[in-house]
Amino acid sequence: MKSNPLLGWSFAAFAAVMLALAVGQVFSPLTHTTFGIADDGLAPGGNATIRGIMPHSSAAKEGLRAGDVIVLGNLTLSDRYRFQTGFSPFGQTLVLHVRRGDLTRTVVLRAEPSSLHLGTEPTILVAQAAIDLIILGALVLLRPSLATAALVFYGAGSVMSFAVVGELSWIPDPWFGIVAVGIVAAFSGLPFLAMPVFITRFPHPPHSHTGIARMRVADAIFLVAAVCFVLEAIFEPLEFLSWGSFIDIGLGIILPLLIILGFGAAAYRDADGESRRRIGWVMAGFVIAAISDAALNTVLVIPTVRDAPSFPVVANVLQLASCVFPIALAYAVLRHRVLDIGFALNRTMLYAIMTTLVVGVVSLLDWGVSRVFAEQRWALAVEGFVTIGFGLTLNWVHARTERLLDRIVFRKRHVAEKRIQYRIEALGFAESSSAVDEALAVDACKILELRSGAVFERVTADGLFMRNESSGWSEGDATAISDDALLVRTLRALERPIFLDEVAVHDASFPQGDERPILAIPIAAQHELIGFVLYGNRADGASPDPEEVALLARLTQAAGTAYGAVEARHWRERVTALEARAGTMTASLTSPA
């Protein structure tokens, strides 16, 4: 599928909405309500049998107790979801028929404030959702495609479906029931099965018959799962059925995990050596995240494990471990460019983000100090001290951040820049034009991992540009270009690096396929075109980004100066030789016979 900016913006907006819902599931008052049935206090099976009542709640005041059976037959779909989740606006009433023995009576429960139990620390839950959705949302915005859209949908699984249902419980009936079905169907287990859709298209859509067939199978699995989850979301609250913990673990967790790992293993097996090395980080992060998600969902289903004293620590660790995949993906994109996102994510952006985070920390700390010490006379002094302290350390933090990003995320680029700079300095001491040619066509290609490079220099009186040095070019490719060629005239007119496709310059005598030149950089002296260099794509198939083009432009500029110095040295040597020869001849003529 071709890149579609509208798709990118749409799914980036979707990620932003899901992030807001992830924050709201912790802080929204609508997710802190209860009708008085204790957590895990219902036994499913046709009707609902109460297993626990919260003291001093609406249910306790109505005299409900363990063993009472809630008759669900007269409840609408909206009321069934309100009863099942316990979330409704404060004061929302729910009319239930309760059977105790042979006696059935009607009770009215009222939604009241309650603490929220998510199974994991709320701040950990929000942090995990933020990491997932921010990274994946930025990726789909910069590289919109069906694969990255599937990634964002996978990130949407960071929210808890019942908590999101609670956030939207203000929607009037009967629409609330329809919305609840959509949310539970979309965000319970379906995001997990969006991963095969991404895996089969990563890092680019397949071209082989096997790859295409695998992609179709992944799409079919996702569509079938979507239908199954919709049916479950409709009938589970209607019938109040449960398959039991072991069936839930097997069909809802283990089977999807095996499917995803199977697709991941197949994609890794089909990758060649270079691609396998580049996508290794992504696959490793994915495996860790998938196993962590499956383990977390498993321990949440088993009551004996969920009630263990060590459960909160285990759940928090598993929750954070699921962040490994988006972090590994972001690292692979920035470091190894497994997905070509152009130059949108560069060092300037990351430095700005890190600086903004530092400023945000200062603002947050300032706000916290003002809240904590609001009643104290020395609050202003504390705020001033904190602000001044951060202001003095801001440059230190920024410098360390820049160094850290260069060494970890942009280490390869940082090393390439230094090596190109070394070549630029060394050109000042070149003794021959062949050394300059080698620096342009061979060294630069190795340093920046370019597929091809060729230096053409004007060496004949009739204006013909001859190929002096090249890499990735064969003997059958162009060895000379006319002074009147469109490429030469375009370089003279623009006097800057150009991408050949942008100016519609094509030459059948150039290499084709992976080694096809895509970038031309002029070599000029006093606005006179004395040569030019043609470069191909990177080894990963991506075009050189603006920073790499700027590096190559600096190198060719230094090469132009070096060519002039070599030529000047050559003429000085000829003049010196001629002078010496003339002196010898003069001496021989004036000497006595």
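The values are calculated or read from the model by the stated rules, or taken from the named source; none is laboratory data. It should be emphasised that the depicted structure is a prediction, and the values quoted were computed from it without experimental measurement. Heads up, the Cβs are rebuilt from the backbone with ideal geometry, glycines too, and the neighbour counts pull from every protein chain shown.
If you check Val488, Val442, Val455, which single one turns out to be assigned by TED's automatic domain parsing to the domain that holds Ala542, modelled with pLDDT of 85 or more and outside any helix (DSSP H, G or I)? Every option except Val455 fails the conditions. When Ser482 is tested against the conditions (1) at positive phi; (2) surrounded by fewer than 16 Cβ atoms within 10 Å (Cβ to Cβ), the lone failure is (1). Taking the conditions exactly as written (modelled with pLDDT under 90, outside any helix (DSSP H, G or I) and not charged (D, E, K, R)), does Val505 satisfy them or not? Answer is yes for this residue. Among residues of the stretch 21-50 being surrounded by 15 or more Cβ atoms within 10 Å (Cβ to Cβ) and small (Gly, Ala, Ser), the one that is modelled with the lowest pLDDT is Gly41.
The single condition among (1) part of a strand (DSSP E or B); (2) touching a residue at least 40 places away in the same chain (Cβ under 8 Å); (3) not hydrophobic (A, V, I, L, M, F, W, C) that Arg467 does not satisfy is (2).
Are any residues in the stretch 500-525 among the hydrophobic types (A, V, I, L, M, F, W, C) and in contact (Cβ under 8 Å) with a residue 12 or more places away in the chain, and if so, which ones? Listed by number, the residues that qualify are Leu500, Val503, Val505, Phe510, Ile518, Leu519, Ala520, Ile521, Ile523, Ala524, Ala525. Applying the condition of being crowded, with 19+ Cβ neighbours inside 10 Å and more than 37 Å from the chain's Cα centre (by Cα) to the stretch 448-466 and asking which residue is nearest to Ala435 (Cα to Cα) yields Val455. When the stretch 263-281 is limited to residues that are loosely packed, with under 14 Cβ neighbours inside 10 Å and within 20 Å of Val324 (Cβ to Cβ), the one that is modelled with the lowest pLDDT turns out to be Arg277. Once the stretch 488-527 is narrowed to residues that are charged (D, E, K, R) and in contact with a Lys or Arg (Cβ under 8 Å, 6 or more places away or on another chain), the residue that is surrounded by the fewest Cβ atoms within 10 Å (Cβ to Cβ) is Asp514.
Just to be sure before I move on: is Ser188 small (Gly, Ala, Ser) and surrounded by fewer than 24 Cβ atoms within 10 Å (Cβ to Cβ) in the structure I sent? Yes; evaluated as a whole, the condition is true for this residue.
Among the residues making up the stretch 491-502, those that are closer than 20 Å to Gly541 by Cα, in a loop (DSSP other than H, G, I, E, B) and touching a strand residue (DSSP E or B) at 6+ places or on another chain (Cβ under 8 Å) are Pro497, Leu500, Asp501. The residue of the stretch 534-568 that is modelled with the highest pLDDT, among those that are touching a Phe, Trp or Tyr at 6+ places or on another chain (Cβ under 9 Å) and closer than 14 Å to Glu515 by Cα, is Leu534.
Quick check: is even one residue across the stretch 162-179 in a helix (DSSP H, G or I) and closer than 19 Å to Ala321 by Cα? Taking every residue of the stretch 162-179 in turn, none turns out to be in a helix (DSSP H, G or I) and closer than 19 Å to Ala321 by Cα. Does at least one position in the stretch 169-179 carry a residue that is closer than 30 Å to Asp79 by Cα and crowded, with 23+ Cβ neighbours inside 10 Å? Yes; the residues of the stretch 169-179 include at least one that is closer than 30 Å to Asp79 by Cα and crowded, with 23+ Cβ neighbours inside 10 Å. Selection over the stretch 201-238 of residues that are farther than 30 Å from Leu75 by Cβ, part of a helix (DSSP H, G or I) and not hydrophobic (A, V, I, L, M, F, W, C) gives a count of 6. Among the residues making up the stretch 119-150, those that are surrounded by fewer than 22 Cβ atoms within 10 Å (Cβ to Cβ), more than 12 Å from the chain's Cα centre (by Cα) and more than 16 Å from Ala289 (Cβ to Cβ) are Gly119, Glu121, Pro122, Thr123, Val126, Leu146. Take Ile530 and decide whether it is in the same structural domain as Ala565 (by TED's automatic domain parsing), over 23 Å from Arg419 (Cα atoms), buried (at least 18 other Cβ atoms within 10 Å of the Cβ) and modelled with pLDDT under 90. The answer is yes for Ile530. Checking the stated criteria, Phe198 turns out not to satisfy the condition of being assigned to a loop (DSSP other than H, G, I, E, B), crowded, with 23+ Cβ neighbours inside 10 Å and under 26 Å from the mean Cα position of the chain (by Cα). All conditions in (1) under 20 Å from the mean Cα position of the chain (by Cα); (2) surrounded by fewer than 22 Cβ atoms within 10 Å (Cβ to Cβ) hold for Met215, with the sole exception of (1). Looking only at the stretch 182-190, decide whether some residue is under 20 Å from Leu133 (Cα atoms) and modelled with pLDDT under 85. Scanning the stretch 182-190, I find at least one residue that is under 20 Å from Leu133 (Cα atoms) and modelled with pLDDT under 85, so the answer is yes.
Checked against (1) under 28 Å from Thr298 (Cα atoms); (2) at pLDDT 85 or above; (3) in a strand (DSSP E or B), Val95 meets all criteria but (1). Across the stretch 106-117, a minimum of one residue is classified as surrounded by fewer than 17 Cβ atoms within 10 Å (Cβ to Cβ) and farther than 22 Å from Gly24 by Cβ. Any residue in the stretch 513-527 that is assigned by TED's automatic domain parsing to the domain that holds Phe465, more than 18 Å from Leu491 (Cβ to Cβ) and of a type in the set (Asp, Glu)? The answer is yes; a qualifying residue exists.
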